[in-house]
Amino acid sequence: MSSRRTFLGDIAMGLPAIALHQLTAATRAPHFPAKAKRVLQIMCPGACSHIDTFDYKPELEKRHGQPMPGAEKEVSFQGANGNLMRSPWPFVPRGQSGKRITAMLPHLGALADEMAFLHAMTTRTNTHGPGCVMMNTGYVFEGFPSAGAWVSYALGSENDNLPAYVSIPDIRGIPPAGPANWTAGFLPAEHQGVSFNASEPIRNLERPGLISEAEERATLEFLDVLNRGHMARHPGHSDLQARIAAYALAGRMQLSAPEVSDLTRESKATHELYGTADSNPLKAAYAKNCLLARRLLERNVRYVQLYCASRASGVDGLLNWDAHKTLQADYERHCPILDQPTAGLLKDLKSRGMLSDTLVIWTTEFGRMPTHQEGTLGRDHNPDAFTVWMAGAGVKGGTSHGGTDDFGRRAVEDITTVHAFWATVLHLIGLDYNKLSWYHNGIDRRLTDVHGHVIREILA
């Protein structure tokens, strides 16, 4: 016969499991058959320059050092602009598509035929914090759910032992606006991204050394008695169910999280593919985060958000892509960190057959000016044109959609918004962006607000 302690222990693990099961993917199906089962979002905060990476502008090369026609006295975010400034590096044709990509990204360039580039992206702000929040939530203001939270809410998790949504910050720090980039906003709290990386394991997961395993289990047993009593007095109390589910997940993660974070289980060839032992410690750290991302996706974590760079520092362009003063030196620092590990991640996903049902999206908050800032060799902010790309499940690789003017100053052809971008992402994971909503303060809120459309030209 079971002892009272064993009986309560079984209940302590059982009721949370039931609550967790009710909150996960078993009861939430997509609106229609999905191309992608999971999403990997790679985010480069600091506004990665489109005209120095993926948006080739031969006219900019020809007119280097000349005033930009019609904008000789233009003032942007940080002040006056000087003359047109070509990219410091050549753009090299890559793949069967012949897509020209900067020579600074040779590994990613080799994968050009996997990618669909959106060159006419625009946003509503030229400030980093609001720009990152806009890119990740669809709103300039903080407090709205991130895309990962919406996906978690809509589809739940396919892995009871890991979160549905994980955000992996760069070793250099968190991005502008911090946790607002992976918040659940007004959605239930269990849909917020769990933040950790390969260098810093999940916080507050391990049992404090002063507390024994028996004491912890006894506490859980007593807590369960209180929870069951509260649930009996308040049937249908979803907040309590969510809280129980969160604690149950934390208990399971004490076993599963160390395993998924153990990169020593990977082969030497895999580590070499990513560059985890690179002599550049920042590149090696990002490479380990990329490998961690693959391990999470492999275990069916629904949405993984991976950052390459962090918030701004006292020196522009030192910790992220915000190259106001010395663009060449800054990007010769950042591009090698991004290039091999990200390409290794894409290659690894493909070799394992995962790219066919994983949607990979590469994002940044806005672009940069084709001119140099007055008195510098850097570029100012440009919300009127930037590039993002998609690859993987449901994406027509080797394509480019939309275009900017001759200098990359403004989007002029098939202009794309953040809302259209997310409408397309939702479509690829089987969700109708018009139907995915949450009633909040008198309004049915959506990731795409009241805007958006599916960009069908890039769909396979």
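Would you mind finding the one in Arg172, Arg86, Arg124, Arg94 that is under 30 Å from Pro201 (Cβ atoms) and surrounded by fewer than 23 Cβ atoms within 10 Å (Cβ to Cβ)?
Arg172
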Single unsatisfied condition, Glu457 versus (1) assigned to a helix (DSSP H, G or I); (2) buried (at least 23 other Cβ atoms within 10 Å of the Cβ); (3) more than 17 Å from the chain's Cα centre (by Cα): (2)
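For segment 65-80, state whether one or more residues are assigned to a loop (DSSP other than H, G, I, E, B) and surrounded by 24 or more Cβ atoms within 10 Å (Cβ to Cβ). Working first, answer last.
So the first thing to find is which residues in segment 65-80 are assigned to a loop (DSSP other than H, G, I, E, B), and the list is 65-74, 77-78.
Subsequent filtering for residues that are surrounded by 24 or more Cβ atoms within 10 Å (Cβ to Cβ) retains none.
Scanning segment 65-80, I find no residue that is assigned to a loop (DSSP other than H, G, I, E, B) and surrounded by 24 or more Cβ atoms within 10 Å (Cβ to Cβ), so the answer is no.
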Unique match (being surrounded by 14 or more Cβ atoms within 10 Å (Cβ to Cβ), in a helix (DSSP H, G or I) and at pLDDT 95 or above) among Ser167, Ser152: Ser152
Checked pairs for segment 34-51, first under 15 Å from Thr137 (Cα atoms), second among the polar types (S, T, N, Q), C-beta under 6 Å and 6 or more apart or across chains, list as Gln41/Gln305; Met43/Thr363; Pro45/Asn320
Just a yes or no: is a residue in segment 183-203 in contact (Cβ under 8 Å) with a residue 24 or more places away in the chain, more than 19 Å from the chain's Cα centre (by Cα) and crowded, with 19+ Cβ neighbours inside 10 Å? yes
One residue from Ser76, Ser87, Ser146 being hydroxyl-bearing (Ser, Thr, Tyr), within 24 Å of Thr417 (Cβ to Cβ) and in contact with a helix residue (DSSP H, G or I) (Cβ under 6 Å, 6 or more places away or on another chain): Ser146
Can you name the residue in segment 97-120 that is among the small types (Gly, Ala, Ser) and in contact with a strand residue (DSSP E or B) (Cβ under 7 Å, 6 or more places away or on another chain) and, of all such residues, is surrounded by the most Cβ atoms within 10 Å (Cβ to Cβ)? Ala112
Restricted to segment 130-149 and to residues being of a type in the set (Gly, Ala, Ser) and closer than 27 Å to Ala285 by Cβ, the residue surrounded by the fewest Cβ atoms within 10 Å (Cβ to Cβ) is Gly131
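Every residue, every condition in (1) within 30 Å of Leu282 (Cβ to Cβ); (2) surrounded by 24 or more Cβ atoms within 10 Å (Cβ to Cβ), yes or no:
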site	(1), (2)
Val360	yes, yes
Thr371	yes, yes
Gly375	yes, no
Gly397	yes, no
His419	no, no
Would you check if there is a residue in segment 112-125 being outside any loop (DSSP other than H, G, I, E, B), closer than 30 Å to Glu158 by Cβ, at pLDDT 95 or above and in contact with a helix residue (DSSP H, G or I) (Cβ under 6 Å, 6 or more places away or on another chain)? yes
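The values are calculated or read from the model by the stated rules, or taken from the named source; none is laboratory data. Quantities reported herein were computed from a predicted structural model and do not represent experimental measurements. Here the Cβ is made from the backbone with ideal geometry for all residues, glycine too, and neighbour counts use every protein chain on show.
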